[in-house]
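All remarks here apply to the structure that follows.
The values are calculated or read from the model by the stated rules, or taken from the named source; none is laboratory data. Predicted, not measured: the structure shown is a model, and the values here were computed from it. Don't worry about glycine lacking a Cβ; one is built from the backbone with ideal geometry, like all the others, and counts go over all protein chains shown.
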Amino acid sequence: MSDIWWSLPLTLLVFLAARKLAAKVKISLVNPLLVSIVVIVPLLVLLKMPYARYFQGSSLLNQLLQPAVVALALPLYEQMHQIRARWKSIISVCFIGSMTAMISGTAIALWLGASPQIAATIMPKSVTTPIAMAVSATLGGIPAISAICVLMAGVLGAVFGHMLLNLCKIKSRASRGLAIGNASHALGTARCAELDYQEGAYSSLALVICGIITSLLAPFIFPIMMHLWR
């Protein structure tokens with residue numbers, strides 16, 4: 001552990017600097033997570049540091065991930081009166097979004113020639129990492145690669161999601177939050193919370209509901225898709 005004591009402070013310093021840069025330039029592409037990846041990955045390659053060793057030194061941050069996701073329940077609770085009034089629409093949107101994410105990702109992977117194992121790995125890409133890895137393992141996929149797919153979906157949603165919503169002239173905070181939470185789970189939700197408190201609440205709600213829907217339906221949808229594909 002002694003030779004990797006610096007990985008945790010390095011991660012924190014890079015991320016805080018990236019956040020300060022993002023707040024200053026106000027460009028969606030300058031996402032703190034994306035900037036941190038762009039800085040740290042080449043540094044690890046230059047130092048010939050295996051990711052497993054780096055991760056070991058900064059594992060505390062990974063342990064804080066689940067409490068951070070749970071903390072998103074606070075804005076959700078504070079918007080509960082609005083959620084109760086719209087629960088039918090919210091459930092419908094999350095169901096359609098979850099089905100679209102699972103079917104489209106899997107179908108595109110199969111169309112491009114992916115094996116059933118890789119297709120199973122990609123299917124849960126739009127839910128938060130712990131759920132995605134569990135679903136992937138259940139379907140016979142590769143959980144570690146599923147985690148990378150989740151990260152990519154989250155970064156893309158956090159960087160380009162609001163840009164696309166603005167382009168489509170979608171202004172409703174509920175609609176924007178649900179859309180980002182559907183597609184980009186915790187990373188997209190964190191971005192929503194930075195921009196608007198109410199939007200973050202709806203995004204965190206979508207994150208939870210879509211995780212439940214995906215974990216329940218993926219084991220049934222994947223075999224059906226594989227049967228139809230053959």
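Here are the numbers for this structure:
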{"quantity": "Selection count, the range 142-164, where residues are closer than 14 Å to SER126 by Cβ and of a type outside the set (Val, Ile, Thr)", "calculated": "11"}
{"quantity": "Hey, ILE131 under 25 Å from ILE83 (Cα atoms) and either of a type outside the set (A, V, I, L, M, F, W, C) or assigned by TED's automatic domain parsing to the domain that holds MET99 (or both) or not", "calculated": "yes"}
{"quantity": "Test: residue in the range 41-62 that is modelled with pLDDT of 80 or more and under 20 Å from the mean Cα position of the chain (by Cα)", "calculated": "yes"}
{"quantity": "Test result for MET225, over 23 Å from ILE90 (Cα atoms) and modelled with pLDDT of 85 or more", "calculated": "yes"}
{"quantity": "Subset of the range 136-160 that is small (Gly, Ala, Ser), surrounded by fewer than 24 Cβ atoms within 10 Å (Cβ to Cβ) and on the phi < 0 side of the Ramachandran plot - its residue that is modelled with the highest pLDDT", "calculated": "ALA137"}
{"quantity": "Residue in the range 191-213 that is surrounded by the fewest Cβ atoms within 10 Å (Cβ to Cβ), counting only those that are of a type in the set (Asp, Glu) and either outside any helix (DSSP H, G or I) or in contact (Cβ under 8 Å) with a residue 24 or more places away in the chain (or both)", "calculated": "ASP196"}
{"quantity": "Subset of the range 106-124 (residues that are closer than 9 Å to SER136 by Cα and not in a helix (DSSP H, G or I))", "calculated": "MET123, PRO124"}
